[in-house]
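Read through the structure below, which is laid out as structure tokens, and then see the notes.
The values are calculated or read from the model by the stated rules, or taken from the named source; none is laboratory data. Everything quoted here is computed from the prediction, not taken from an experiment. Backbone-built Cβ (ideal geometry, glycine too); neighbour counts: all protein chains shown.
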Amino acid sequence: MIKRSISLLVVLGFVLIFWKMLTNWLPMTDLHGVAKEYVSREPDELGAVNVVTAIVVTYRGLDTLGEVSVLFLAATGVALLLRRRGKKIGAGKRKRPSSEFLQTGTALLTPFIIMFGVYIFINGHLSAGGGFQGGAVVASAMLFLLLTFPGYKFKHTVLNWIESISGASYVIVGILGILLAGGFLDNRILPLGEYGKILSAGAIPVIYIFIGLKVGTELAGILENLKHEH
């Protein structure tokens, strides 16, 4: 009885807190502080239509570097944890092939899914999207292949080269921002171009291409390791 009473009081306390939050909430009509500075200065300084992209890639470039590093460590950890020594689980068992309809659909749709992922990270400075989102879409195409063709194998050498080159290029662009512009990953190492065009926002499209390739290959590597586990 005492436990139920305490639980009821805790629930009522949370209800009271959320009720006050909802009744006292007022919609924000104007930007203030750092947000106002970002929105007002970004078009002239960075030239990206997508303000979120400008903030993530340039103003907070070190945070993005940290996110890419965390993903790399996660991919490395999965590869180490799923490394098999000796006989693999399920070795010798014949896997049931997927239907011809599914195989044909996969063969037709996979190139378009990859193309859509590339479109997302190339146009990240103009519309919603970016390197992480586009890379995840590209990796979903790889998952599609693995589910439809259980025996399909990625070329690890190619994946490793793409991942390594894109990651190193990303860091090099960041260092060039320090040497040639105002700081790490400063996109003004390249001309800003015409606002709203595909060739604009300086180096942001280049940065997102490297991020998209790195994220896509790392996630594909994780999927490949998970497949071998089973």
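A few points about this structure:
- Restricting attention to the stretch 197-230 and to residues that are out of contact with any strand residue (DSSP E or B) (no Cβ under 6 Å at 6 or more places or on another chain) and not in a helix (DSSP H, G or I), the residue that is farthest from SER69 (Cα to Cα) turns out to be LYS197.
- One residue alone among LEU26, LEU31 is outside any helix (DSSP H, G or I), closer than 23 Å to SER127 by Cβ and at pLDDT below 85, and that residue is LEU31.
- Taken together, SER169, SER127 contain a single residue that is assigned to a helix (DSSP H, G or I) and among the hydroxyl-bearing types (Ser, Thr, Tyr), which is SER169.
- Residues in the stretch 148-163 that are aliphatic (A, V, I, L, M), more than 10 Å from GLU224 (Cβ to Cβ) and in contact (Cβ under 8 Å) with a residue 40 or more places away in the chain: ILE162 only.
- Any hit, the stretch 181-196, residues being acidic (Asp, Glu), touching a residue at least 40 places away in the same chain (Cβ under 8 Å) and outside any loop (DSSP other than H, G, I, E, B): no
- Taking the stretch 176-201 as the range and being crowded, with 20+ Cβ neighbours inside 10 Å and within 16 Å of ARG60 (Cα to Cα) as the test, the residues that pass are GLY177, LEU185, ASP186, ASN187, ALA201.
- If you go through the stretch 176-225 and pick out every residue that is in contact with a His (Cβ under 8 Å, 6 or more places away or on another chain) and aromatic (Phe, Trp, Tyr), you end up with 1.
- One residue stands out among those in the stretch 10-50 that are of a type in the set (S, T, N, Q) and exposed (fewer than 10 other Cβ atoms within 10 Å of the Cβ): the one that is nearest to ILE204 (Cα to Cα), which is THR29.
- Residues of the stretch 83-94 include none that is loosely packed, with under 11 Cβ neighbours inside 10 Å and modelled with pLDDT of 85 or more.
- All of VAL215, VAL137, VAL173 fail the test of being in contact (Cβ under 8 Å) with a residue 12 or more places away in the chain, within 23 Å of LEU80 (Cα to Cα) and crowded, with 18+ Cβ neighbours inside 10 Å, apart from VAL215.
- Close pairs (6 angstrom Cβ cut-off, 6 or more residues apart or separate chains): farther than 16 Å from SER164 by Cα in the stretch 70-81, surrounded by 13 or more Cβ atoms within 10 Å (Cβ to Cβ) and β-branched (Val, Ile, Thr) anywhere: VAL78/ILE222
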